Every structure is written in structure tokens, then in C-alpha cells.
Amino acid sequence: MILLAALSLTASAYGQNVRNCGTMQHLHDMELNDPTTAQRMHSMERETEQWIHTNSANKVAAVVTIPVVVHVVYNTSSQNISEAQINSQINILNADFRKLNSDIGLLPSVFSGLAADCEIQFCLAQRDPNGNATSGIIRKSTTATSFSSNDNIKRNVNGGSDAWPSSSYLNIWVGNLSGGLLGYAQFPGGTASTDGVVCTYTAFGNVGTATAPFHKGRTATHEIGHWLNLRHIWGDATCGNDQVSDTPTQQTANTGCPSFPKVTCSNGPNGDLHMNYMDYTDDACMYMFTNGQKSRMLASLNTTRASLLNSLGCVPPSTSSCGVPAGLSATSISTTSATLNWAAVSGAINYNVQFKAISSSTWITGTSTGTSLSATGLSSNTAYEFQVKANCANSSSAFSASSNFTTNTAACTDAYETNNSKAKAKSIAVNTNITAKIGNSTDKDWFIFSTVAGATNLKVVLDQLPLDYDLTLYNSSGAKLAVSQLGGTSTETIIRNTASAATYYVKVVGFNGAFISTSCYNLIVNTSGSSFRSGELTEYVEGNVNLEKVNSNSSFIVFPNPVQDVLQLNFISEESSIVEVKLMDLMGKVIETKTIEANDGLNNAEMNTSFLENGVYMIRLTQDDEVQVRKFIVKH
């Protein structure tokens, strides 16, 4: 994963009437205060990429409705914004996220195919956490004259208003923000008690106190984009990466109302997508999300924020209640399936069932009109939990408490031990399936194989994974060539096309020491005289960032991230050329420059980072006037 670190843009840098979002500064503060934040972001990014990789993210079963509670924290009467102003903001969100905004017609025709109906909408909550009726609006008088991005507005003890459960509601705080700050958001995976979005009262909705040029409600649209795991469109770096495939690379934030086209970072002829909600333009000049951004937001709602899909916040309380299912049990348990059972609830029309491996954060859902559901596609020898809720004519119950079960163990033997080091690598035949296992937390499986003239292109596939295993390819000297780390039990694939016969090593290892002594994986090395790249996604992956073509000439990853002493650089070139690599700090100051003679295909280089102090840095790779920038963290 290429972890995007914080880059704050202050009001003093841009001026009074220029957008000032504090989200990245807020993330930076979280990373400083909680050392586990970076690892959580890393894991979340892997889960996001995996969900996008395995789902048709632009096709959903139904529009997702997110319950919203608005905390109005006011010191003066003008800050106590009206219900009409709050409703105007909800209407704007529903238009912007459904591509129903009237100004979408201003989008240049060359970008029309990018604009997305995100199939996400919002409602003011009608049911509070205790099941009582609510307007979805909390009003809190405070002695605090203003708030910053330090989250005080989110706490009663600091003059703010405590959050409602983030598992069921989107919390939006509206108050007087200091220093020209328009708003900020908390990315998924953070502390529940501070989860949500903050907006200043003069940039909320389009009536009342809303003040130009931020008077069309786009501050909340922008910040909710962050809350659903979107980055700034310029990637918070010069020609940076926002982790979205269909947004053009752009040099930096755009402000005001740029003229089309504005070409930067060799993104001509159409230039920057400065009308995107995740740029810094004025409210009147931003009016679309892309399909790639939609995919990331839906991934968030199906992984880290999946509990919102089951929220009853938008459902008014009913006078008649629907009972919570009881008597949960699992029967007919095999290595890959089980039957989930529960007792009938009086008046229930159907039941929603969700199950997952206890170690996973993602629920798999199903619906049954009876009192059982067949769960298939399970992993052997794995502990699972499941929950059930009942749906009656006028109401739904809460989900039941979890019931647990463990799938059966599949028989498995490993004929290749001991092969825990490169020196003990076992020879395997190409174009032949083999099975082996990771038997303990320190087990690393090494294999050696060779390609021959006429069949020098290779494709290494690691599948049928019982747990999260990673795949690495090395040359005969032990230099790392490629890594695949998709996360979970997804198939790992490495493709290398070369004209020369060679000897290679493959290493299979459990992510974070994952192992299971009773279940095998499958490994096959396919060789061919034809390129495997044609018509297939070439995956060179480190930290779950797909190393795909991002322009016509090259692709680029850096790892490990965080790094201690030596940073690895992998990039693909489609021809021999000279590549310039610059190591820079976040202010753009060049620390070291290196020139590389790149060959056709995958290239590897190293940068010494042992002399750098702990912090965030950038690598800038320039090849044939194409520029790519990646951030990384030094942590000794």
C-alpha cells in the first residue's frame, strides 16, 4: 500500500475565500497520537482494493441510504442554523451523490463518461439509538466561541456534542470553525467516538448563513467523500496519486473556478478534472464524482462501514415490535459449508442473516423466508459467527447475538518440507499444480524452478488459500522481482514476460504470521512462448496496491512502507529508457537524485533511507516526461 500521509492546506496559504479542508491534517494528528493508525489504514486499503478487485462495484442491489444526525453546536443565535438550512444540505447531498444536481450539465463532454450516480443517499435520522422517534437534529449551546480540527466539537466535556453510534449513523457537526477552516472528516477505521464530518456554519446548505463562494453545500459533499475513504484528487502531493484509476493526475489543488482545459502533469489534452467534488474549487465549480470514486465509496460501505447497511436510523419507530430471533445453531457442518438455523419469530415475513469468519471484519449477507440458510464457500478449520434479524410487516428487529461454529478440517500433507530458506528451496516442475502448507508462524516455503528457451514467459498463481498468504518472485541471485499481496484468501498472481531462459525462486509466506497446520494451498508456475500480459491484468503488488499501467510508459510502486533502511522501487517500462528518481521531503526539497537505465519489463532499484529521520517523504519518478510520485514513511 502506498499510504498517503497528511498534507494540510491552511487558510493563510490560500487566502480567506479559498477552500480549506482539514481532513489530511486531522489524519496526520491521528497518526501522531496513535501509532496504530498507519497500520489500520494499511489494512483498510488492502481490504478496499480487494473488494473493488472482486466486485462489480458500480452495480449494487439497492441504493444505500445513510442515516444522518446533525449536531448544531452554537455560541450565538446566528450559529444556531435553521431546520430549513439543514434540510437544504440533505437535499444537496442526495442530488450530488445520485448525479441529480442541476449543474452536472456544465461538465465538459469529454468527461461525461466519468460522472457517476454513486447510488448513495441520505436521510435525517427518524429513530435514535434507543429506538425513540427523533428529528435527526441535536442542538447544543456552548460557551466555546470557535472550534478547530482537534475534535473538541465532538465532545460534551469540551463544549461540543457527543457522537451517536457511528455503526448506525453519520454524525455531522456544524459550528463556528476558526482559522478559515471550512470542514474536515475522519477516514474509516478511526475512533468511533469522533467518527463523522465537521462543517463550519457558513458553508452548510444553500440558505440561511451559507456564504459565497461556499454557499451551495459542497463542503459537506467533499467531506463525506473523505468519510467514505476518498482522497483529494491531486493525491496531496505534486502530481500525486488519489488511489482512483479514472481521475487524471494533476499537479496540485485547484481553487476558484478554473477554465477548461487546465493541463498539468502531462494530462493533456483534457487536463485536470477540477470540477470534481474532491478538488478545492468553489462550490459553483464542482459538480461530480467519478465511477472510480464511486467504487471506493461502495467498498467502504461494504467493508469498514458495512454496519450502516443494517441501520434502522431511517426507519420510524413502530408501535408494534418484531422479536429478535433466538435459538441459533449450526448443523451439517463440513469443510466448506454449514446450515444456519434459528427459531421462528411471530409475524416475521423473512429474515436477514449475516455470517463471517471471526477474524474478518466483513459480513456475508443472505435472506431467508424460513428458519435456516445454507452458508457455502467457507474455509476449512475456521471459526465463524452468524447473526439473524427478523423483518415484520411494519418493523424489523435488531440482529441477534452471535452464534459460533467451526468448519471441519481438510486433510493435507506437505511433501516439500523442510524448505524454510532460499538455500533449502525445493525444485518444482513448471505447468504442474503442487500443494503445500504454511504450518507455523515462522514457516516460509521456498521453491526453485527454471524456464527454457521457447517458453521464457511465466505466470505464477497461488490459490486455494486457507488464510492470507503472500507471494514473492526472486531471480537466481535472490533479488526480489515482484510481490503479490491482495489480502484475504484471494488468488495471488505474478506475471513476468522475458526473452531469456532463467532460474527463479518463489516464496510463500503467511501475512502477519498467518498459518494453519491442517490446510494446504495450491501453487502452479505456467510457462509459455507467448506473453501472458495480453488480455490479462498484470499484478505486481506490494501492500495491496496494484502495479497496473497508469500511463503509456510505466507503473511504479515502493515498498516496504513504512521502511527502515532500504526502500525498494519497482516499475514497469515498455521500452529501454533513462529514468530519473528523486528522493524529496514533503516540501519538495530534493534530498537525493539517482539515474536508472531501465529495461523493457519490470525494473527494480533501491534507495538508502537509513540516514533519514522518521517522517514522511516522497519518491518522484520521471520517465519520458511522464511523472509519478509515491509517498512513504520512514520509521526506524
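The values are calculated or read from the model by the stated rules, or taken from the named source; none is laboratory data. Because the structure is predicted, anything quoted here is derived from the model rather than measured. Note that each Cβ is placed from the backbone with ideal geometry, even for glycine, and that neighbours are counted across all protein chains shown.
Please name all residue pairs, on different chains or six or more residues apart, with Cβ atoms under 6 Å, provided the first residue is in the range 417-440 and is under 17 Å from residue 524 (Cβ atoms) and the second residue is part of a loop (DSSP other than H, G, I, E, B) and hydroxyl-bearing (Ser, Thr, Tyr).
426/416; 436/416
Working only within the range 129-145, note down all residues that are free of Cβ contacts under 8 Å to residues at least 40 places away in the same chain and either touching a Gly at 6+ places or on another chain (Cβ under 8 Å) or of a type in the set (A, V, I, L, M, F, W, C) (or both).
Passing the criteria: none in range.
Identify, by number, the condition in (1) crowded, with 17+ Cβ neighbours inside 10 Å; (2) touching a helix residue (DSSP H, G or I) at 6+ places or on another chain (Cβ under 7 Å) that residue 418 doesn't meet.
Tallying (1) crowded, with 17+ Cβ neighbours inside 10 Å; (2) touching a helix residue (DSSP H, G or I) at 6+ places or on another chain (Cβ under 7 Å), residue 418 fails exactly one: (1).
If residue 217 satisfies every condition in (1) modelled with pLDDT of 95 or more; (2) more than 24 Å from the chain's Cα centre (by Cα); (3) over 14 Å from residue 81 (Cβ atoms) but one, which is the exception?
Here residue 217 meets the rest and fails (3).
Restricting to the range 320-340, count the residues that are in a loop (DSSP other than H, G, I, E, B) and surrounded by fewer than 20 Cβ atoms within 10 Å (Cβ to Cβ).
Residues in the range 320-340 being in a loop (DSSP other than H, G, I, E, B) and surrounded by fewer than 20 Cβ atoms within 10 Å (Cβ to Cβ): 12 in total.
Please work out if residue 284 is among the small types (Gly, Ala, Ser) and surrounded by fewer than 21 Cβ atoms within 10 Å (Cβ to Cβ).
Spelling it out, residue 284 is indeed among the small types (Gly, Ala, Ser) and surrounded by fewer than 21 Cβ atoms within 10 Å (Cβ to Cβ).
Take residue 371 and tell me if it is in contact with a Phe, Trp or Tyr (Cβ under 9 Å, 6 or more places away or on another chain), of a type in the set (Ser, Thr, Tyr), closer than 16 Å to residue 329 by Cβ and surrounded by 19 or more Cβ atoms within 10 Å (Cβ to Cβ).
No, not satisfied.
Which one of these does residue 194 not meet: (1) over 16 Å from the mean Cα position of the chain (by Cα); (2) crowded, with 24+ Cβ neighbours inside 10 Å?
Status for residue 194: all satisfied but (2).
Look at the range 468-488 and say how many of its residues are part of a loop (DSSP other than H, G, I, E, B), surrounded by fewer than 21 Cβ atoms within 10 Å (Cβ to Cβ) and in contact with a strand residue (DSSP E or B) (Cβ under 9 Å, 6 or more places away or on another chain).
4
Restricting the first residue to the range 622-634 and requiring it to be farther than 19 Å from residue 586 by Cβ, which pairs with a second residue that is at pLDDT 80 or above and buried (at least 18 other Cβ atoms within 10 Å of the Cβ) meet a Cβ separation below 7 Å and a spacing of at least six or different chains?
Close Cβ pairs satisfying both conditions: 623/579.
Quick test of your reading of the structure: residue 423 fulfils all but one of (1) hydrophobic (A, V, I, L, M, F, W, C); (2) surrounded by fewer than 18 Cβ atoms within 10 Å (Cβ to Cβ); (3) in a strand (DSSP E or B). Name the failing condition by number.
(3)
Mind checking which residues of the range 105-143 are exposed (fewer than 13 other Cβ atoms within 10 Å of the Cβ) and of a type in the set (Val, Ile, Thr)?
110, 143
Can you name the condition, by its number, that residue 356 falls short on among (1) more than 30 Å from residue 235 (Cβ to Cβ); (2) surrounded by 15 or more Cβ atoms within 10 Å (Cβ to Cβ); (3) free of Cβ contacts under 8 Å to residues at least 24 places away in the same chain; (4) not polar (S, T, N, Q)?
Against the list (1) more than 30 Å from residue 235 (Cβ to Cβ); (2) surrounded by 15 or more Cβ atoms within 10 Å (Cβ to Cβ); (3) free of Cβ contacts under 8 Å to residues at least 24 places away in the same chain; (4) not polar (S, T, N, Q), residue 356 comes up short only on (3).
Which condition number in (1) under 19 Å from the mean Cα position of the chain (by Cα); (2) at pLDDT below 80; (3) surrounded by 19 or more Cβ atoms within 10 Å (Cβ to Cβ) is the one that residue 59 fails?
Residue 59 satisfies every listed condition except (3).
Could you list, in sequence order, the residues of the range 105-127 that are out of contact with any Gly (no Cβ under 8 Å at 6 or more places or on another chain) and within 21 Å of residue 168 (Cα to Cα)?
Matches in the range 105-127: 118, 119, 120, 121, 122.
In the range 87-122, what residues are of a type in the set (S, T, N, Q) and assigned to a helix (DSSP H, G or I)?
87, 88, 89, 91, 94, 102, 109, 112
From the list 633, 596, which one is on the phi < 0 side of the Ramachandran plot, outside the structural domain of residue 41 (by TED's automatic domain parsing) and touching a helix residue (DSSP H, G or I) at 6+ places or on another chain (Cβ under 8 Å)?
The unique qualifying residue is 633.
Condition first: closer than 13 Å to residue 55 by Cβ and either among the aliphatic types (A, V, I, L, M) or not assigned by TED's automatic domain parsing to the domain that holds residue 108 (or both). Now tell me which residues in the range 279-305 satisfy that.
The answer is 297, 298, 299, 301.
Is it the case that the range 341-353 has a residue that's aromatic (Phe, Trp, Tyr), surrounded by 14 or more Cβ atoms within 10 Å (Cβ to Cβ), out of contact with any helix residue (DSSP H, G or I) (no Cβ under 7 Å at 6 or more places or on another chain) and outside any strand (DSSP E or B)?
So far as the range 341-353 goes, yes, one or more of its residues are aromatic (Phe, Trp, Tyr), surrounded by 14 or more Cβ atoms within 10 Å (Cβ to Cβ), out of contact with any helix residue (DSSP H, G or I) (no Cβ under 7 Å at 6 or more places or on another chain) and outside any strand (DSSP E or B).
For the range 370-400, how many residues are of a type in the set (A, V, I, L, M, F, W, C) and either without any contact (Cβ under 8 Å) to a residue 24 or more places away in the chain or outside any loop (DSSP other than H, G, I, E, B) (or both)?
6
Do you know which residues across the range 226-273 are of a type in the set (A, V, I, L, M), surrounded by fewer than 19 Cβ atoms within 10 Å (Cβ to Cβ) and in contact (Cβ under 8 Å) with a residue 12 or more places away in the chain?
Within the range 226-273, no residue meets the criteria.
Going by what's in this entry, would residue 153 be described as within 12 Å of residue 198 (Cβ to Cβ), hydrophobic (A, V, I, L, M, F, W, C) and surrounded by 15 or more Cβ atoms within 10 Å (Cβ to Cβ)?
yes
Test residue 139 against the stated conditions and say whether it is at pLDDT 95 or above, over 15 Å from residue 287 (Cβ atoms) and over 29 Å from the mean Cα position of the chain (by Cα).
yes
Do we have residue 259 as more than 27 Å from residue 617 (Cβ to Cβ) and among the polar types (S, T, N, Q) here?
yes
Looking at 31, 49, which is the one that is without any contact (Cβ under 8 Å) to a residue 40 or more places away in the chain, under 30 Å from residue 511 (Cα atoms) and either surrounded by 14 or more Cβ atoms within 10 Å (Cβ to Cβ) or in contact with a strand residue (DSSP E or B) (Cβ under 6 Å, 6 or more places away or on another chain) (or both)?
The match here is 31.
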